[in-house]
Amino acid sequence: MKGRMSDIETEIPTVIIGGGVAGASAAIVLAREGREVVLLEKEPQPSHKVCGEFLSPETIPMLGDLGVDPRALGGVPIQRVRLVSRFGRACADLTPAGTGLSRFALDRALLDVARGHGAEIRRGCTVRGYGPDVHGYRVETTDGDVSASRVILASGKHELPGIKVRGGVGRDAIGFKMHWDPGAAAMERLGSDVLMVLYRGGYAGLCAVEGGRLNLCLIAHKEHFRRCGGSFAGLLEWLTRRRPVLGEILGHARMLWERPVTVSNIPYGYVYSEALCGGRCDGEYHVGDQFGVVPSLAGTGMAIALVTGCAAARGILNGRGSHDVHRSVREDLEPTIRFMHRIHRLCGNPVLAEIAVAGLRAAPGLLKRLVAASRVAAPAGGAP
């Protein structure tokens, strides 16, 4: 890695803001083709992020194209989805299987591959401001300013300084993530399932990840969180009493962290459009959650990150502007994001959610079709 930036402005052909799945995948595709790229990541060390940590089946070949094997990282096969609500449950096999893998392990592996191809990874570098200038783009950071001919925005669910594009998208959800040491009894009860638990205030997902751990990702509406005392412990106690299947598993497990990782004001259903931000310059590529925020229950967030990250890099390599790339990617991804946002809203209505689960229980094939409808098609030919 090169030294830290000085206060003197530096010009680089491509700057990537954010070192998650989308940003790292874009860096890999560009760097292995010999392009100069600098990736700015605000976290000084690998870190945990709020995420269901479920890799849907289509992500495995996409990651393989990038040089990452989730199973070699300890990823756990997930062979079935089990949906639980107040009055019943429904199950569906996953064919092919998904994989449980922490973002800590995945993000680190992707950045290692990007660095190996020659990308410069600058950790502990926070973006303070951002916008177009006469050279293309100017990025103000804690390590000095950078000018670039193009920028890939991969900074996650929230807006960067200088970018206000999300309008009135709803932000009533809070996300929590906790890793657990399960013990044999908890692992036996969960098996190779991803457990999805619906409740009046949101939903929770539980699956195994590498290292013999469990990942619990819990989404709650703000009002329900307040009713549970405004604490993760209160919310978890409320949920495990009302959904005994979750309590039976976690009752045999031990929290591995003092407090959960959290994120608030999640803009579920957001899909980027140039019309939302006045047609910004044609060298600003939005990827991952900066392009679209699919509800967590879809299990396709990391697939969308990979598709958009690789599409942006492929567009740059082929001389395509960001407007053109966004249009083609939106045609592929917007229907899935919108559809899963409707499912997310349905789950927030307890009456409709219970009717839906009853229907899925009566016709098990419907759940399998719903899972298939949430999937994201890998781009033809994979990553370039």
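On the stretch given as region 304-358, residues that are more than 18 Å from the chain's Cα centre (by Cα) and of a type outside the set (Ser, Thr, Tyr) total 30.
Examine region 270-288 for a residue that is assigned to a helix (DSSP H, G or I), touching a strand residue (DSSP E or B) at 6+ places or on another chain (Cβ under 7 Å) and closer than 17 Å to residue 21 by Cα, and state whether such a residue exists. So far as region 270-288 goes, no, none of its residues is assigned to a helix (DSSP H, G or I), touching a strand residue (DSSP E or B) at 6+ places or on another chain (Cβ under 7 Å) and closer than 17 Å to residue 21 by Cα.
Conditions (1) within 27 Å of residue 268 (Cβ to Cβ); (2) in contact with a Cys (Cβ under 7 Å, 6 or more places away or on another chain), marked per residue:
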{"site": "20", "(1), (2)": "yes, no"}
{"site": "32", "(1), (2)": "no, no"}
{"site": "58", "(1), (2)": "yes, no"}
{"site": "74", "(1), (2)": "no, no"}
{"site": "78", "(1), (2)": "yes, yes"}
{"site": "91", "(1), (2)": "yes, no"}
{"site": "104", "(1), (2)": "yes, no"}
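Restricting the search to region 149-201, which residues are surrounded by fewer than 17 Cβ atoms within 10 Å (Cβ to Cβ), at pLDDT 95 or above and not in a loop (DSSP other than H, G, I, E, B)? Correct list: 181 only. Being in contact (Cβ under 8 Å) with a residue 12 or more places away in the chain and over 21 Å from the mean Cα position of the chain (by Cα) is a property that does not hold for residue 109. In the set 249, 304, which member is touching a helix residue (DSSP H, G or I) at 6+ places or on another chain (Cβ under 7 Å), over 28 Å from residue 377 (Cα atoms), of a type in the set (A, V, I, L, M) and buried (at least 22 other Cβ atoms within 10 Å of the Cβ)? None of the others qualify; the one that does is 249. It is to be established whether one or more residues within region 231-240 are of a type in the set (S, T, N, Q) and surrounded by fewer than 19 Cβ atoms within 10 Å (Cβ to Cβ). Yes, because at least one residue in region 231-240 is of a type in the set (S, T, N, Q) and surrounded by fewer than 19 Cβ atoms within 10 Å (Cβ to Cβ). Checked against (1) modelled with pLDDT under 90; (2) over 22 Å from residue 155 (Cα atoms); (3) not β-branched (Val, Ile, Thr), residue 335 passes all but condition (1). Scanning region 31-54 for any residue that is in contact with a Gly (Cβ under 7 Å, 6 or more places away or on another chain) and assigned to a helix (DSSP H, G or I) turns up at least one such residue. Taking the criterion of being more than 18 Å from residue 217 (Cβ to Cβ) and in contact with a helix residue (DSSP H, G or I) (Cβ under 8 Å, 6 or more places away or on another chain), the residues of region 72-95 that qualify are 73, 74, 86, 87, 88, 89, 90, 91, 92, 93.
Taking the criterion of being surrounded by fewer than 21 Cβ atoms within 10 Å (Cβ to Cβ), outside any strand (DSSP E or B) and either at pLDDT below 95 or of a type in the set (D, E, K, R) (or both), the residues of region 77-123 that qualify are 86, 87, 88, 108, 112, 115.
Note on region 57-76: residues that are without any contact (Cβ under 8 Å) to a residue 40 or more places away in the chain, touching a strand residue (DSSP E or B) at 6+ places or on another chain (Cβ under 9 Å) and surrounded by fewer than 18 Cβ atoms within 10 Å (Cβ to Cβ) amount to 1. Scanning region 316-337 for residues that are surrounded by fewer than 20 Cβ atoms within 10 Å (Cβ to Cβ) and in a helix (DSSP H, G or I) yields a total of 10. Scanning region 225-244 for residues that are without any contact (Cβ under 8 Å) to a residue 24 or more places away in the chain, assigned to a helix (DSSP H, G or I) and more than 18 Å from residue 261 (Cβ to Cβ) turns up 226, 237, 238, 240, 241, 244.
The values are calculated or read from the model by the stated rules, or taken from the named source; none is laboratory data. What you see is a predicted model, and the numbers here were worked out from it, not measured in a lab. Neighbour counts run over all protein chains shown; Cβ positions are idealised from the backbone, glycine included.
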